[in-house]
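Asks: Please find one structure pasted underneath; my questions will follow.
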Amino acid sequence: MRLEQALRALWGIVLRELMRFVYQRERFIAALVRPLIWLFVFAAGFRAALGVSITPPYQTYVTYETYIVPGLVGMIQLFNGMQSSLSMVYDREMGSMRILLTSPLPRPFLLLSKLLAGALVSVLQAYVFLGICAIYGVVFPMPAYLLALPVLIVTGLALGAIGLFLSSMIHQLENFAGVMNFVIFPMFFLSSALYPLWKMKESSHLLYWICAFNPFSHIVEFVRFSLYLSFNGLALGVTAAVLVGFALLSIMSFDPRFNLVKRQVS
Amino acid sequence: MLDVILDVSGLTYRYGRRIALKDVRFAVSGRRITMLLGPNGAGKTTLFSLITRLLPIQAGHISICGRDLASASSDILSFIGVVFQQQTLDLDLTVDQNLRYYAALHGLGRKEADARIDEALSQLDLAGRRRDKVRILNGGHRRRTEIARALLTKPKLLLLDEPTVGLDIPTRRALVTFLHDLVTGNDMAILWATHLSDEVADQDHVVILDKGEVKAEGTSAAVMARTGANSIDDTFNRLTASTSHEA
């Protein structure tokens, strides 16, 4: 594989993903409306009920809106990862996945390019959301917006890898509702996205431990710490492990030698 | 003597216990069309999936331009252009964007892609639809777009899996004529899977596949002579009679 050829293919895959995103305006609006409702409505309502005490990376008390913004950034990337997964299932059903898989490049490279393309779309959405948050009054230190870029790329890749793996396991578009109920919602609600884990511990130790082991909690914390120019080694480790683990699983699941691709052609 | 572009030998493929292909062997040479005739369920799509590496080879060999498909690197797929039975265009993108995406996947630079897209679109009489979204194109135009896309990389082997399915008769005739003209003027081979025997021209090579087995192979005249039939349609019906009755 020549580097020049690989870069052209990578650019082609990224460009296609961006064009599809731009053309599907409803998808862009839906991606933003969902977290904004949480920020403007849910957070406003729960501000009084949920006090957030000083907990790293915060140096002082913060408003509930401030607390949930990193969680909502995670939510955007989680939903985008699943949206990518949905579009891959659609591509497979529509047949366009074959064009990707029959191009003269190693399959792992093609899948990782697809993963990167999806992650870049989610980063774009996350920055638009952070811009709206800034207008709303939730502002982070200026250098944090820059530091967050590589972090958001890594978290986008990790969540995209989960989506990519799920897309290889889902046989039909109709089964995608199950993914919403059994993967996305539990991952989101059983995490530190909407409430700090100590708050959960007050209610239930079991739920606390589930949240603590949920990789999405660590992904959210990775984003949260980066937005305050702090570093969380555990969060980085878990995010990297999710990325590598699910990327490898996805590559295996799309490898015809493992016989999973049979579903795509039969 | 014609160059062998695709050589298939002893190819067997099973889905669990069901045998989809059994000891399939035939060759496809350059500058002519090889018609792979077979009823539905004969194993044509499985064969195409094996040639394009969507399925792994379980037993037997496939070689393309003298290179063994199983052991070759992924760049061997650059010799192949494919039009799948199911349409594979991105409906949300324009004709031009679909072609550019394919060109990028095959590593074509911008200038080269521009020139080849111009050439392919004019060959298929699609230049006027370049900026149209695929979603608004009719079935015939979509098919022609897919053929234009497959031709972008100037493949040595063009695989067509039932490319005329769902097209009206005039569009189908025009496409059949175009593809026969194309192969005579280019250094390429076409393997064309179909169950419509009226698409076979006298000069075509014919492989008749039924229940995963090659029932006959040769020029259309030789295949007809072997079965004592007076047309390809008759030959096809005789060799696949049991399947036709089952269907």
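The values are calculated or read from the model by the stated rules, or taken from the named source; none is laboratory data. Only a predicted model underlies this, so the values are computations on that prediction, with no experimental measurement involved. Cβ: placed from backbone, ideal geometry, glycine included. Neighbour counts: every protein chain shown.
Asks: For B:Leu126, which of the numbered conditions (1) in contact with a Lys or Arg (Cβ under 6 Å, 6 or more places away or on another chain); (2) touching a residue at least 40 places away in the same chain (Cβ under 8 Å); (3) away from chain A (no Cβ under 11 Å) fails to hold?
Replies: Tallying (1) in contact with a Lys or Arg (Cβ under 6 Å, 6 or more places away or on another chain); (2) touching a residue at least 40 places away in the same chain (Cβ under 8 Å); (3) away from chain A (no Cβ under 11 Å), B:Leu126 fails exactly one: (2).
Asks: Search the stretch B:146-178 for residues being assigned to a loop (DSSP other than H, G, I, E, B) and more than 13 Å from the chain's Cα centre (by Cα), and hand back the single one that is farthest from B:Arg100 (Cα to Cα).
Replies: Top of the filtered list is B:Asp168.
Asks: Does A:Ile184 satisfy the criteria of being surrounded by 19 or more Cβ atoms within 10 Å (Cβ to Cβ), among the β-branched types (Val, Ile, Thr) and under 21 Å from A:Phe42 (Cα atoms)?
Replies: yes
Asks: Hey, could you check the stretch B:92-107 for residues that are at the interface with chain A (Cβ under 7 Å from one of its Cβ atoms) and of a type in the set (A, V, I, L, M, F, W, C) and say which is surrounded by the fewest Cβ atoms within 10 Å (Cβ to Cβ)?
Replies: The extreme case among them is B:Leu93.
Asks: Identify all residues within the stretch B:208-239 that are out of contact with any Ser or Thr (no Cβ under 6 Å at 6 or more places or on another chain), assigned to a helix (DSSP H, G or I) and under 17 Å from B:Thr194 (Cβ atoms); write none if there are none.
Replies: B:Ser220, B:Asp234, B:Asn237, B:Leu239
Asks: Also, quick follow-up: A:Phe109 fails exactly one of the following numbered conditions: (1) at pLDDT 95 or above; (2) touching a helix residue (DSSP H, G or I) at 6+ places or on another chain (Cβ under 7 Å); (3) not β-branched (Val, Ile, Thr). What is the number of that condition?
Replies: (1) is the only condition that A:Phe109 fails.
Asks: Quick check on this structure: which one of A:Glu174, A:Glu202 is away from chain B (no Cβ under 14 Å), without any contact (Cβ under 8 Å) to a residue 24 or more places away in the chain and closer than 30 Å to B:Ser49 by Cα?
Replies: A:Glu174
Asks: Could you go through the stretch B:18-41 and let me know if any residue there is of a type in the set (D, E, K, R) and touching a helix residue (DSSP H, G or I) at 6+ places or on another chain (Cβ under 7 Å).
Replies: Yes: one or more hits.
Asks: For residues that are part of a helix (DSSP H, G or I) and small (Gly, Ala, Ser), scanning just the stretch B:179-207, find the one that is farthest from B:Gln85 (Cα to Cα).
Replies: So the residue we want is B:Gly185.
Asks: While we're here: Of all residues in the stretch B:41-53, which are within 14 Å of chain A (Cβ to nearest Cβ) and touching a residue at least 12 places away in the same chain (Cβ under 8 Å)?
Replies: B:Gly41, B:Gly43, B:Lys44, B:Thr45, B:Thr46, B:Leu47, B:Phe48, B:Leu50, B:Ile51, B:Thr52, B:Arg53
Asks: I'm told B:Ile33 meets every condition in (1) more than 26 Å from A:Arg20 (Cβ to Cβ); (2) within 13 Å of chain A (Cβ to nearest Cβ); (3) of a type outside the set (Asp, Glu) except one. Can you identify the failing condition by its number?
Replies: (2)
Asks: Separate question: Testing A:Ser84 on (1) touching a Gly at 6+ places or on another chain (Cβ under 9 Å); (2) surrounded by fewer than 23 Cβ atoms within 10 Å (Cβ to Cβ), one condition comes back false. Which one is that?
Replies: Of (1) touching a Gly at 6+ places or on another chain (Cβ under 9 Å); (2) surrounded by fewer than 23 Cβ atoms within 10 Å (Cβ to Cβ), only one is false for A:Ser84: (2).
Asks: If you check B:Asp118 against the conditions, is it surrounded by fewer than 21 Cβ atoms within 10 Å (Cβ to Cβ), on the phi < 0 side of the Ramachandran plot, in contact (Cβ under 8 Å) with a residue 40 or more places away in the chain and not small (Gly, Ala, Ser)?
Replies: no
Asks: I want to confirm something. Restricting to the stretch B:58-86 and keeping residues that are buried (at least 18 other Cβ atoms within 10 Å of the Cβ) and in a loop (DSSP other than H, G, I, E, B), which single residue is nearest to the other protein chains (Cβ to nearest Cβ)?
Replies: Among residues in the stretch B:58-86 that are buried (at least 18 other Cβ atoms within 10 Å of the Cβ) and in a loop (DSSP other than H, G, I, E, B), the one nearest to the other protein chains (Cβ to nearest Cβ) is B:Phe84.
Asks: A further question on this structure: Looking only at helices (runs of 4 or more DSSP H) that fall completely inside the stretch A:1-113, which ones have 1 or more residues that are away from chain B (no Cβ under 14 Å) and basic (Lys, Arg)?
Replies: A:25-37
Asks: Moving on to the next point. Quick check on my filter: what residues within the stretch B:102-115 are in a helix (DSSP H, G or I), touching a residue at least 24 places away in the same chain (Cβ under 8 Å) and aliphatic (A, V, I, L, M)?
Replies: B:Ala103, B:Ala113, listed by residue number.
Asks: Identify the residue in the stretch A:214-266 that is part of a loop (DSSP other than H, G, I, E, B) and within 14 Å of chain B (Cβ to nearest Cβ) and, among all such residues, is modelled with the highest pLDDT.
Replies: For the stretch A:214-266, the residue satisfying everything is A:Phe254.
Asks: From the list B:Ala27, B:Ala20, pick out the single residue that is part of a strand (DSSP E or B) and within 14 Å of another protein chain (Cβ to nearest Cβ).
Replies: B:Ala20
Asks: Looking at (1) at pLDDT 90 or above; (2) surrounded by fewer than 21 Cβ atoms within 10 Å (Cβ to Cβ), which is the one condition that is false for A:Gly71?
Replies: It is condition (2) that A:Gly71 fails.
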